[in-house]
Amino acid sequence: MAAQKGKDILIKIGDGGSPEAFTTVAGIRTRTLSLNARTVDATDSDSAGQWRELLAGGGVKSMAVSGSGVFRDSAADAMMQAAFFAQAAPNWSLVIPGFGVIEGAFQIAALEYAGQHEGEATFSLSLASAGALSFTAAA
């Protein structure tokens, strides 16, 4: 995979419609997407050379997403605020150039707003996966 521009990673929130329409969260300057899989230790006294053995496919998978940027008071911001206060888990679409698109339900774990007296209003967002995710590889 060739080098990609960080600004091309997109975080989009779904509207819950059918078909679902996704709106890009505007103003995001920094984004981090973390895929995680817990391991299950299956080592026993018969393990070859006493080396640890892991149970394939036995662990819990999750994804964490975070982002921060400039507050724009957009439609996506309103959807994020509504989802946070309802503690809902709407569908999100995460576009990673050269890698693919990950979609599924995420709950907003943290939503923070800040601002300097002589600067812009900013926000930070943390998402936690709330169900099975789908992955579509980049073409």
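Results, tabulated for the structure shown:
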| read-out | value |
| --- | --- |
| Test: residue in segment 49-57 that is buried (at least 16 other Cβ atoms within 10 Å of the Cβ) and among the small types (Gly, Ala, Ser) | no |
| Residue match in segment 64-85 (condition: surrounded by 12 or more Cβ atoms within 10 Å (Cβ to Cβ), at pLDDT below 90 and under 26 Å from ALA139 (Cα atoms)) | no |
| Every residue from segment 98-124 that is in contact with an Asp or Glu (Cβ under 8 Å, 6 or more places away or on another chain) and buried (at least 17 other Cβ atoms within 10 Å of the Cβ) | PHE123 |
| In segment 1-18, the residues that are surrounded by 12 or more Cβ atoms within 10 Å (Cβ to Cβ) and closer than 22 Å to ALA75 by Cα | ILE9, LEU10, ILE11, LYS12, ILE13, GLY14, ASP15, GLY16 |
| Residue ID - surrounded by the most Cβ atoms within 10 Å (Cβ to Cβ), chosen from residues in segment 19-42 that are hydroxyl-bearing (Ser, Thr, Tyr) and farther than 21 Å from ASP77 by Cα | THR39 |
| Residue tally, condition without any contact (Cβ under 8 Å) to a residue 60 or more places away in the chain, under 21 Å from PHE71 (Cα atoms) and either within 12 Å of the chain's Cα centre (by Cα) or in a strand (DSSP E or B) (or both), over segment 107-139 | 12 |
| Scan of segment 72-106 for residues that are assigned to a helix (DSSP H, G or I), without any contact (Cβ under 8 Å) to a residue 40 or more places away in the chain and in contact with a strand residue (DSSP E or B) (Cβ under 6 Å, 6 or more places away or on another chain), ordered by number | PHE84 |
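Let's see how each residue does on (1) modelled with pLDDT under 95; (2) charged (D, E, K, R); (3) within 18 Å of ILE108 (Cβ to Cβ); (4) touching a Ser or Thr at 6+ places or on another chain (Cβ under 6 Å):
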{"position": "ILE11", "(1), (2), (3), (4)": "yes, no, yes, no"}
{"position": "ASP15", "(1), (2), (3), (4)": "yes, yes, yes, no"}
{"position": "VAL25", "(1), (2), (3), (4)": "yes, no, yes, no"}
{"position": "THR30", "(1), (2), (3), (4)": "yes, no, yes, yes"}
{"position": "ARG38", "(1), (2), (3), (4)": "yes, yes, no, no"}
{"position": "GLY58", "(1), (2), (3), (4)": "yes, no, no, no"}
{"position": "SER62", "(1), (2), (3), (4)": "no, no, yes, yes"}
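The values are calculated or read from the model by the stated rules, or taken from the named source; none is laboratory data. The shown structure was predicted, so the numbers you read here are calculated from the model rather than taken from an experiment. Virtual Cβ from ideal backbone geometry, glycine too; neighbours counted across all protein chains shown.
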